[in-house]
Amino acid sequence: MTQTEIRIKTGMPTSTLTKHLRGLTLTKSVLKVVNSVHKRAEKIYMDARIDPSPEITGGTWYRNGQLDSNAVASARRRCLDQIDKLGIATADAIFSGISRDCPGVAYSIEQVRDILRTMALDRIIEEVKSTGVGEFSDLRAGRVCYRRGGALQGGMMEGIPCGVCPRIDECSPDGVISPSTCIYYKKWLQMDF
């Protein structure tokens, strides 16, 4: 509970409540203060014998209410190493590879999946479904797999001059600015793909 919630339920004045909470946390060690990742400005008071849930602390990837970017970067490197080694891999295969290659590191399968999702969102890797054929021949069809790639790709219109033209709104077939008078469009049409 936060100090505000305790004050509302007990009806104590703030100064008295602060004094009692300090005594219960520091002197008697009945309560402990936990920093929530959702409400960073407010401290949460809880029974000292109970561990806070991951929803409050942020889970594995948070330390003292702050994102542990070193742990995340390390996990990402390990996942990427496995993908580079295997080419295309499922989350289970990546998890098994990390467990085998780094016995001192204890990630859960859910933590590996979390890291893989973030890497896919950042387009470091691609999340694809196995077809069971070709490069996916070792994997059952329909399984979610991960592979290197996923580099940012522009939209379809980005490849042609019109897609990035700042004057596209003024362009018309009969206007001063038109595809027939556009030098960039003509150069693009003459390109050898």
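Only one entry of 41, 89, 48 meets the criterion of being in contact with a Cys (Cβ under 8 Å, 6 or more places away or on another chain) and more than 19 Å from residue 105 (Cα to Cα), and that entry is 89. Could you tell me whether region 25-47 includes any residue that is surrounded by 14 or more Cβ atoms within 10 Å (Cβ to Cβ), more than 16 Å from the chain's Cα centre (by Cα), of a type in the set (A, V, I, L, M, F, W, C) and assigned to a helix (DSSP H, G or I)? Looking through region 25-47, none of the residues is surrounded by 14 or more Cβ atoms within 10 Å (Cβ to Cβ), more than 16 Å from the chain's Cα centre (by Cα), of a type in the set (A, V, I, L, M, F, W, C) and assigned to a helix (DSSP H, G or I).
Here region 90-105 is the region considered, the condition is being crowded, with 18+ Cβ neighbours inside 10 Å and more than 19 Å from the chain's Cα centre (by Cα), and the residue that is farthest from residue 142 (Cα to Cα) is 98.
Considering 10, 2, 14, 27, the condition of being among the β-branched types (Val, Ile, Thr) and touching a residue at least 12 places away in the same chain (Cβ under 8 Å) is satisfied by 2 alone. Scan region 60-88 residue by residue and report those that are under 19 Å from the mean Cα position of the chain (by Cα) and in contact (Cβ under 8 Å) with a residue 40 or more places away in the chain. Of everything in region 60-88, those that are under 19 Å from the mean Cα position of the chain (by Cα) and in contact (Cβ under 8 Å) with a residue 40 or more places away in the chain turn out to be 60, 61, 72, 75, 76, 79, 80, 83.
Determine, yes or no, whether residue 113 is assigned by TED's automatic domain parsing to the domain that holds residue 20 and either modelled with pLDDT of 90 or more or touching a His at 6+ places or on another chain (Cβ under 8 Å) (or both).
no
Per the listing 98, 109, 50, the residue uniquely in contact with a Lys or Arg (Cβ under 9 Å, 6 or more places away or on another chain) and closer than 30 Å to residue 131 by Cβ is 98. In the list 56, 94, which residue meets the criterion of being over 16 Å from residue 115 (Cβ atoms) and without any contact (Cβ under 8 Å) to a residue 60 or more places away in the chain? On inspection, the qualifying residue turns out to be 56.
Of everything listed in (1) out of contact with any Ser or Thr (no Cβ under 7 Å at 6 or more places or on another chain); (2) surrounded by 12 or more Cβ atoms within 10 Å (Cβ to Cβ); (3) in a helix (DSSP H, G or I); (4) modelled with pLDDT under 85, the single unmet condition for residue 55 is (2). A residue that is under 30 Å from residue 140 (Cα atoms) and either in contact with a helix residue (DSSP H, G or I) (Cβ under 7 Å, 6 or more places away or on another chain) or in a helix (DSSP H, G or I) (or both) occurs somewhere in region 60-72.
The values are calculated or read from the model by the stated rules, or taken from the named source; none is laboratory data. Note that the structure is a prediction, hence the values are computed from the model and not measured. Methodologically, a virtual Cβ is constructed for each residue, glycine included, from the backbone with ideal geometry; neighbour enumeration extends over all protein chains shown.
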